[in-house]
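Okay, structure first, notes after.
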Amino acid sequence: MVLILLGAALWPARANTPVPASLPLAQILALMEHHDQIQQEGLKHYSAVRHYHVEYQGLANLEAQMEVEVNFNAATGKTFRIVSQSGSKILGEKVLKRAMDSEKEASEDRGGTALTPENYRFQLQGSESVDGRPAYILSVEPLKESKFLYRGKIWVDATDFAVSKIEAAPAKNPSFWISRTLIRYTSAKTGDFWLPQRSVSESKIRIGGAAVLAIDYGTYQINLK
């Protein structure tokens, strides 16, 4: 009897949960664009303190890390302020600071970097749960070579149609010295908005060894005004 009552209590919540892969691809893409538009209009300002860490193992073992205060303003874009920095100066300058510069550059070209049919070819691959939430799995193939586009898979939340997870490789190799890079990215919902949570990039170096760049995006402070 307890199990029956428990099932009855949970049924309405489950019934309101969209069934993954029940929508056609075109509708999923349209709802993704709608989500991005609503978030872009609603998200006016946020701040967070990120932790950047890079480690290289190969001809030598080097690492570097930075704490960075990030402020986003819908009118002016993103600003970065380095709070602290330690470890290898080479990795700090060539990897960590370059990662910040690349993000700022990409954020200033939303049309050229967006997950839209203008930039990607999509295929619906199936569905699975991501952190307890149903999600559609889409393969993405860039329509042009760009250091800000990628090829691989994305997971789209089946309720909000935000991208909750990415596993991909850059469409264009960022450097001759890198033979292969795999990116793993997750986002999470903070209030009404989906924001980056963690990103890990693993790169194989041509001269030997591998480098791992990890970004923990910290706790967000959101201002709606």
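Readers should treat all values here as calculations from the given coordinates under stated rules, not as data from a laboratory. Owing to the predicted nature of the structure, the values given are computational and were not obtained by experimental measurement. Glycine gets a Cβ as well: all are built from the backbone with ideal geometry, and neighbour counts include every protein chain shown.
For region 72-86, the criterion of being part of a helix (DSSP H, G or I), hydrophobic (A, V, I, L, M, F, W, C) and more than 18 Å from the chain's Cα centre (by Cα) is satisfied by no residue at all. Criterion first (assigned to a strand (DSSP E or B) and not hydrophobic (A, V, I, L, M, F, W, C)) does Lys189 satisfy it? Taking the combined requirement at face value, the residue satisfies it. Answer yes if at least one residue in region 34-46 is basic (Lys, Arg) and outside any helix (DSSP H, G or I), and no otherwise. For region 34-46, residues basic (Lys, Arg) and outside any helix (DSSP H, G or I): present.
Looking at the structure I just gave you, is Asp157 crowded, with 18+ Cβ neighbours inside 10 Å and charged (D, E, K, R)? Yes; evaluated as a whole, the condition is true for this residue. Screening region 201-213 for residues that are in contact with a Leu (Cβ under 7 Å, 6 or more places away or on another chain) and in a strand (DSSP E or B) and picking the one that is nearest to Ala60 (Cα to Cα) gives Gly209.
Of all residues in region 87-119, those satisfying the criterion of being of a type in the set (S, T, N, Q) and either part of a helix (DSSP H, G or I) or within 27 Å of Ala26 (Cβ to Cβ) (or both) are Ser102, Ser107, Thr113, Thr116, Asn119.
The residue list Ala64, Ala26 contains one member that is small (Gly, Ala, Ser), free of Cβ contacts under 8 Å to residues at least 40 places away in the same chain and in a strand (DSSP E or B), which is Ala64. Among the residues of region 214-225, is any in a strand (DSSP E or B), closer than 22 Å to Gly92 by Cα and in contact with a Pro (Cβ under 6 Å, 6 or more places away or on another chain)? The answer is no, given that none of the residues of region 214-225 is in a strand (DSSP E or B), closer than 22 Å to Gly92 by Cα and in contact with a Pro (Cβ under 6 Å, 6 or more places away or on another chain).
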